[in-house]
Amino acid sequence: MNLREWMGRKKRDGCGNGPDYSFAFLDDVSKREIRRKILKAVAIPGYQVPFGSRELPIARGWGTGGLQVTLSLVLPEDILKVIDQGCDGSVNAVNIKRFIQAVTGVRLTTDTGEATLIQTRHRVPEEPMTDAQILILQVPYPEALREVEPSERVTRRMHAEADYSRMWLYLYEDIVKFDEITIGYRYPVTVNGRYIMDPSPIPRWDIPKLHMAETLFLFGAGREKRIYAVPPHTPVVPLEFEDFRFRVENFEGKACARCGATDTYLDEIIDDATGRRLFFCSDTGFCDKRCGE
Amino acid sequence: MKPLLEIHGLTKLFGSGCGHCLPGGVSPEEGNRCGRCGTVVGCGDVSLMVYPGEVLGVVGESGSGKSTLVRLIHFELDATAGEIYLNNGKEDAARENLLMQSPFRRRQIRSRHMGIVYQNPWLGLRMQVSSGGNIAEKLLAAGWRNVSEIRKRAAFLLERTEIPVNRMDEPPANFSGGMQQRVQIAKALSNNPQVLLLDEVTTGLDLSVQARVLDLIRNLQRELAVAMIVVSHDLGVIRLLCQRTIVMRHGRVVESGLTDQVLEDPRHEYTQLLVSSQL
């Protein structure tokens, strides 16, 4: 039985046909809980709100946090885009997209400008987003302090007391050893001048897009059972020293081999046949759009 | 002169307490452990004052509550009762009992105004992090955000505590016990604390190293005029460093006064025993 057959099968109680589940798969009580937790997360920017992560037909750690946030927010009139590391066509993105469409019937798109709801893994779209859109990020490790403190109990106390000197010390030691901050992705940020937050494994390139944005950013970690948020117009500042500033990735002299873009985050790909190094836009939807024009 | 640090009725009970021993723990005549419920008085109704630039000694046998007292002042333990006031020098500042403040506020006060040196360097230092990094941690907690300034300050402090500056980026795990102790002192002094807490700093060091560490502490104290609370069971250390001394037993203060007076002319029988049992 494939997904569509399973969902179209007779109801378990035998009374009539139709799906054996609510709109958007999750039952109303679950959706209500998740929405409540989202509201709390929005009210306390950067604070990790625990939530009762539900079982889904995909395994934890494969985007279930983002998926639950999406399912609890999606409306029949929404237009959905799902990306995985910028790509609309990767297996993870396609599976999540097809699942959501099967349980809601919403329209799908690859155009960032058209989508009202975007679920993403490890990238923020290149195209600027508006206040009519919501970006939902899948998060594997919501705790930014995990690198310096293994105990959840202690990290919660550290957040409560804004005891962040060990995180700063981690950066200081990095500078002493390597003369620069070596964190490549999951770069810790201070949200609204209070909580240090893990922005999910987006590249440093995407961090400035979170700062004072028009869009609501929601972060869901299904395995770790946490939801957090960056509301619109919220300061998001990467940790940096006065004499060692935060930098984004440098793609100087490189351009997308397909659309020629020089102002996007590029993936390096080695051509199997020729062995040549090629660069392509990581955001495929944006690249397609440019090529089409 | 206004006292810098004021402590009133500081009490710490380990255990739930019972009708027999509440509220202040068992009476001092019975010792420090309640015979009925087993509640131990870590610190019982301790009151003291430390004035700016003064060095206060705390002596007593092991288990008398000296370290508990220091840990309560450093907010590492939650007090059962009592009041602690820190006078920050501003005349108009509101007098706030620090024990009633939020953990967030207490942490701020601790990072900005206090320093501590433990008997065991493993408690005060991160052994895998560079020595400069250990000092940096304290400065970062106090809000420093400039790497070159942090390194300048760390180098200055290490130089003052006689650690070769070229070993600044080595972890303290590579150092001898005396050096580790001096790194701890540098770390404790890094934020220009108002109060420095020294908990048995020379215990476990050999005699010549003890002398150098004590010399260093005395010189730094004279120069920086920082107020200190020195905990020790070694009367020699107390005699060398402290102007005033309190004697603790069973978690209570049994005698207090000028150091010379307490050591030369002890009144309480326990102090007499302590002084006479010196080798």
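The values are calculated or read from the model by the stated rules, or taken from the named source; none is laboratory data. Quantities reported herein were computed from a predicted structural model and do not represent experimental measurements. Virtual Cβ from ideal backbone geometry, glycine too; neighbours counted across all protein chains shown.
At a glance:
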{"quantity": "Residues of the range B:118-148 satisfying the condition of being in contact with a helix residue (DSSP H, G or I) (Cβ under 7 Å, 6 or more places away or on another chain), more than 7 Å from chain A (Cβ to nearest Cβ) and within 23 Å of A:GLU161 (Cβ to Cβ)", "calculated": "B:TYR118, B:GLY124, B:LEU125, B:ARG126, B:ASN134, B:ILE135, B:LYS138, B:LEU139, B:ALA142, B:TRP144"}
{"quantity": "Hey, B:LEU72 under 19 Å from B:VAL253 (Cβ atoms), surrounded by fewer than 19 Cβ atoms within 10 Å (Cβ to Cβ) and not aromatic (Phe, Trp, Tyr) or not", "calculated": "no"}
{"quantity": "Residue match in the range B:87-107 (condition: away from chain A (no Cβ under 14 Å), among the aliphatic types (A, V, I, L, M) and under 16 Å from the mean Cα position of the chain (by Cα))", "calculated": "no"}
{"quantity": "Tally of residues being crowded, with 23+ Cβ neighbours inside 10 Å, more than 15 Å from the chain's Cα centre (by Cα) and not in a helix (DSSP H, G or I) across the range B:181-225", "calculated": "1"}
{"quantity": "Check on A:CYS291, in contact (Cβ under 8 Å) with a residue 12 or more places away in the chain and buried (at least 16 other Cβ atoms within 10 Å of the Cβ)", "calculated": "no"}
{"quantity": "Residue selected from the range A:173-212 under the condition basic (Lys, Arg) and more than 14 Å from chain B (Cβ to nearest Cβ), by the criterion nearest to the chain's Cα centre (by Cα)", "calculated": "A:ARG186"}
{"quantity": "So B:GLY178, is it surrounded by fewer than 21 Cβ atoms within 10 Å (Cβ to Cβ), among the small types (Gly, Ala, Ser), under 23 Å from B:GLU76 (Cβ atoms) and more than 14 Å from chain A (Cβ to nearest Cβ)", "calculated": "no"}
{"quantity": "Residue in the range A:22-31 that is over 17 Å from the mean Cα position of the chain (by Cα), among the hydroxyl-bearing types (Ser, Thr, Tyr), crowded, with 16+ Cβ neighbours inside 10 Å and assigned to a helix (DSSP H, G or I) present", "calculated": "yes"}
{"quantity": "The range B:228-240, subset surrounded by fewer than 21 Cβ atoms within 10 Å (Cβ to Cβ) and touching a residue at least 60 places away in the same chain (Cβ under 8 Å), residue nearest to B:SER64 (Cα to Cα)", "calculated": "B:HIS233"}
{"quantity": "Unmet requirement for A:TYR164, which otherwise passes all of (1) away from chain B (no Cβ under 13 Å); (2) among the hydroxyl-bearing types (Ser, Thr, Tyr); (3) touching a residue at least 24 places away in the same chain (Cβ under 8 Å)", "calculated": "(1)"}
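Listed here are the residues, each with its yes/no results for (1) modelled with pLDDT under 95; (2) assigned to a loop (DSSP other than H, G, I, E, B); (3) within 15 Å of the chain's Cα centre (by Cα).
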{"site": "A:GLY89", "(1), (2), (3)": "yes, yes, no"}
{"site": "A:PHE99", "(1), (2), (3)": "yes, no, no"}
{"site": "A:GLN119", "(1), (2), (3)": "no, no, yes"}
{"site": "A:VAL124", "(1), (2), (3)": "no, yes, yes"}
{"site": "A:MET129", "(1), (2), (3)": "no, yes, yes"}
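Rundown of residues vs (1) closer than 17 Å to B:ARG249 by Cβ; (2) of a type in the set (Ser, Thr, Tyr), yes/no style:
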| position | (1), (2) |
| --- | --- |
| B:LEU4 | no, no |
| B:HIS20 | no, no |
| B:GLY25 | yes, no |
| B:GLY31 | yes, no |
| B:THR39 | no, yes |
